[in-house]
Structure formats: structure tokens, C-alpha cells
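Report on the structure given below.
The values are calculated or read from the model by the stated rules, or taken from the named source; none is laboratory data. Every value quoted in this text rests on a predicted model; they were computed, and no experiment measured them. Cβ coordinates were reconstructed from backbone atoms using ideal geometry, including for glycine residues, and neighbour counts include every protein chain displayed. Remember, those area values only see protein heavy atoms, side chains included, never the ligands or the DNA or RNA. Shrake-Rupley method; radii C 1.70, N 1.55, O 1.52, S 1.80 Å.
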Amino acid sequence: MEGQRSQKIAFVLWLLLTSELFALPLHTGDLIFRAGEGLFSDIAKNFSPSDKRFSHVGMIFIDRGETFVIHTLDDQTKNFHHTVKEPLSAFLDDALIYAYYRFALTHRQQRKIDGNILRALADPKPFDYRFSLQSPDAYYCTELIFHLLEGVFHHHPVQNRTYRGEQSFISIEDLLKSRGLKPLSHVIMAKK
């Protein structure tokens, strides 16, 4: 009897934590991974060697109490071809699924990320169609996150690289394996 009661309590807690009744307190520096539908989303998922859940990533930026996502992409419908600051709701418009992840940040690290984001927005880089880590004048989505994390930690948390032939790049899966990055939510099915 006690075991069934514990299971029911655990189930109710799980429901509360995974429902929209439980709002996540997002912070600047949190990462949001998403997957959309369509050819480009499928191609981006396949850049990751094994974990193909997500096709895009951005960083949360809280600005005057509003939640934005800093990311870079090529989206003809939104006329995005560079680093952008987009409201979270608009970022999720095309999402089928999404999930939040977080680094444990000190107050000092939080300020460094704020500064990195403001610099990225002051000098937005165009989307990097070559997916090259050697082109400092253009970024793809995971490369932008890599640069936003520069100088924040004693050792850069993104250690892994994916290779296609001799070219290395940072895949979504490489970001997910970052040192100290923990899931803040389960994978959420977007409303359609």
C-alpha cells in the first residue's frame, strides 16, 4: 500500500514538473535546443553523429524582463541571415520539440556572458554557409554559442568536435556534451 502511495506521489510530481503549470525560470546563458520540420532541419540533425534530436540552438538572453533567444541562422521567411535577438515565442514558432539546458554560472560568469551577448549583437555576424571554424567573420548556430561562452569558464566547456572528411565543426551533439551543461527540462513537444 505504501509503495503505491509513493508511486502516485512521484507521478503527480512528475506531472507538475513536466506540465505548463510549472514555468521554468530561465536565465541569460541558458541554451535552448529545438528541432523543426523540413529539409534544412533534417540536414542539420544529420550533422550530429548519433544524437539527432535537435537541429538548432540559441542562447537565452533576459533583457528588461523579457526573454529573447540569441542565435544565427539563414531563414528566408524571417529575413534572417545573421546573428539575431528574437523573442522566445517567435524562436519556438517553427519548433516541433525543444529543451532547455544550463551551465551552473557564478555571478561573475553571468556578467561575462551578458557582455559577450551585447558584443555579438553590436557586431552581428552573417550566417556561415561553409560551416567553418576558421572564418571569424561568419558563424553558424553552434559556433555562435561557442564564441558566446569564450572567456566565461577557466576551461572552455565545449571540447568535442565532429569531423566530415578533414573539416571539423561543432555539432549540436558536441554542444550537448559540453562540460557542466545539464538539462533544465525534458524534451518538450511544441504546440502545433
Notebook entry, point to check: When you go through (1) in contact with a strand residue (DSSP E or B) (Cβ under 6 Å, 6 or more places away or on another chain); (2) over 19 Å from K45 (Cβ atoms); (3) of a type in the set (D, E, K, R); (4) open to solvent by 20 Å² or more (accessible area, probe 1.4 Å) one by one for K78, which number turns out not to apply?
Noted result: (1)
Next item on the list: Considering only the stretch 107-177, give the helices (runs of 4 or more DSSP H) lying wholly within it that have at least 1 residues that are within 20 Å of I62 (Cβ to Cβ).
Entry: 107-122, 141-148
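Residues checked against (1) in contact with a helix residue (DSSP H, G or I) (Cβ under 8 Å, 6 or more places away or on another chain); (2) within 30 Å of M189 (Cβ to Cβ); (3) not aromatic (F, W, Y):
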residue: K125; (1), (2), (3): yes, no, yes
residue: Y139; (1), (2), (3): yes, yes, no
residue: I145; (1), (2), (3): yes, yes, yes
residue: R161; (1), (2), (3): yes, no, yes
Next item on the list: Determine, yes or no, whether I60 is modelled with pLDDT of 95 or more, hydrophobic (A, V, I, L, M, F, W, C) and more than 20 Å from A138 (Cα to Cα).
Entry: yes
Margin query: Restricting to the stretch 178-192, name every residue that is open to solvent by 80 Å² or more (accessible area, probe 1.4 Å), outside any loop (DSSP other than H, G, I, E, B) and within 25 Å of F80 (Cβ to Cβ).
Written below: M189
Next item on the list: Hey, can you tell me all the residues within the stretch 110-129 that are in contact with a Phe, Trp or Tyr (Cβ under 7 Å, 6 or more places away or on another chain) and either in contact (Cβ under 8 Å) with a residue 60 or more places away in the chain or open to solvent by 70 Å² or more (accessible area, probe 1.4 Å) (or both)?
Entry: I117
Next item on the list: Look through R161, R130, R119 and report the one residue that is basic (K, R) and farther than 29 Å from E37 by Cα.
Entry: R119
Margin query: I need the full set of residues from the stretch 30-52 which are surrounded by fewer than 16 Cβ atoms within 10 Å (Cβ to Cβ) and either among the charged types (D, E, K, R) or not in a loop (DSSP other than H, G, I, E, B) (or both), in order please.
Written below: E37, L39, F40, D42, I43, D51
Next item on the list: For the stretch 139-149, name all the residues that are open to solvent by 10 Å² or more (accessible area, probe 1.4 Å) and either among the aromatic types (F, W, Y) or out of contact with any Lys or Arg (no Cβ under 9 Å at 6 or more places or on another chain) (or both).
Entry: Y139, C141, F146
Next item on the list: Can you run down the residue pairs with Cβ atoms below 7 Å, 6 or more apart or on separate chains, where the first is in the stretch 60-87 and in contact (Cβ under 8 Å) with a residue 24 or more places away in the chain and closer than 18 Å to R102 by Cα and the partner is part of a strand (DSSP E or B) and basic (K, R)?
Entry: F61/K85; I70/K85
Margin query: With the structure loaded, tell me whether P136 is of a type outside the set (K, R) and in contact (Cβ under 8 Å) with a residue 24 or more places away in the chain or whether it fails that test.
Written below: no
Check: For the stretch 53-75, what are the residues that are surrounded by fewer than 18 Cβ atoms within 10 Å (Cβ to Cβ) and of a type in the set (G, A, S)?
Finding: G65
